[in-house]
1. Any idea what diffusion coefficient the chain gets from Stokes-Einstein, in µm²/s, Kirkwood Rh on alpha carbon pairs, 20 °C, 1.002 mPa s?
2. Run the paramagnetic zone check for residue 44: 7 angstrom along Cα to Cβ, then residues of region 64-80 with backbone nitrogen under 18 Å.
3. Stretch residue 27-residue 199 to full length: gain in nm at 0.36 nm per residue minus the Cα-Cα span?
4. Size of region 1-79 along its principal axes in angstrom, Cα-based, largest extent first?
5. How about region 1-110: which GluC sites (Glu not before Pro) there lie in a loop by DSSP and see at most 15 other Cβ atoms within 10 Å?
6. Taking a probe of 1.4 Å, how large is the accessible area per residue of region 171-321, in Å²?
7. When every alpha-carbon pair in region 12-143 is counted, what percent end up more than 19 Å apart?
8. Determine the distance separating the Cα centre of region 172-196 from the Cα centre of region 37-70; give it in Å without decimals.
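The values are calculated or read from the model by the stated rules, or taken from the named source; none is laboratory data. Keep in mind that what you see is a predicted model, and the values were worked out from it rather than measured. Note that each Cβ is placed from the backbone with ideal geometry, even for glycine, and that neighbours are counted across all protein chains shown. To get the accessible areas, we keep the full protein, side chains included, count just its heavy atoms, and leave off ligands, DNA and RNA. Shrake-Rupley method; radii C 1.70, N 1.55, O 1.52, S 1.80 Å.
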Amino acid sequence: MPDDRPVVRVTRRLPEEVERELSVAFDARLNASDEALTADELREALASADAVVGTVTDRFDAAVLGVRPIRARVLASFGVGVDHVDLDAARAAGLVVTNTPDVLTDCTADLALALLLMTLRRLGEGERQLRAGEWTGWRPTHLMGRRVTGRTLGIVGLGRIGQAVAHRAGAGFGMRLLGYDPRPPEAARLAELGIERCDTLDDLLARADVVSLHCPATEDTRHLIDARRLALMRPDAVLINTARGSVVDEAALARALREGQLAGAGLDVYEREPSVTAALLELERVVLLPHLGSATVETRVAMGRRAVENLRAVLAGRPPRDRVA
């Protein structure tokens, strides 16, 4: 019997529970090899399927979205950020674009705090020494980091994740909280979290012991943290980035670290993923993670279910919960 269910093309492997749910609800074309699709393969997916489930590593630019005729009615992106999708081109193609907000908040905030702890306490250096057989035993001056409790945390971007980081840092570690966002939450919410709002990013950078980035990737935020702004930070400060790699000028960051303009950095995202600026790999006081912000079983399954929910809505002619274009 012919399968008259909507055809859904999935660009990467998803958690088994999610793939099973997709296969029950749709004629799901899964990616068993988990190899990233080429631009031609993405175009073919849009031309041959009723819907595509893509990820943040798939570049849906104008050239890809310009394929005609286009069969797909919805691009359900597995993730919050949609900087990998040309939204204007998607609209021109009549394509609904959705994302998976909310469900990543806690795990990404947890990871930001993990990087903060690892960087201030020099934990990455300690593990590397131990694994290399270089640890000779306890001594009073070995790998002395900086105390976390009571330090000043500057949060750039006060959306869901930034606020979750503020709650953890303030309630858990008694950190003093500074915040900058061109469109900040209401004053009452800032007061509830104990965040002192900074009028400018430059002011926050100059005052914080730790700067944690939680802003989206846009033209306005590309290299938001550049050589000039890195120079505003104190020499004993550290930078944490779990937002998007394009927010930080990696070459400038590597120079600043090498020249002692700041004490360390903890990064989970990079400008040209999966490539990382070589100079950063050579620096000891840098903690580098492979984009693990949402990488828990619970969160990745929740992301997949949110994508499935959006697919069901669009393909049934209903407005999706998480439409971004």
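1. Calculated translational D: 101 µm²/s.
2. Within reach of a label on residue 44, which here means backbone N under 18 Å from a point 7 Å along Cα→Cβ, region 64-80 contributes 64-72.
3. 56.8 nm
4. Per principal axis, max minus min of the Cα coordinates gives 33, 27, 20 Å.
5. Answer by residue number: 35.
6. 47
7. Here the long-distance tail beyond 19 Å is 62 percent of all Cα pairs in region 12-143.
8. That distance is 40 Å.
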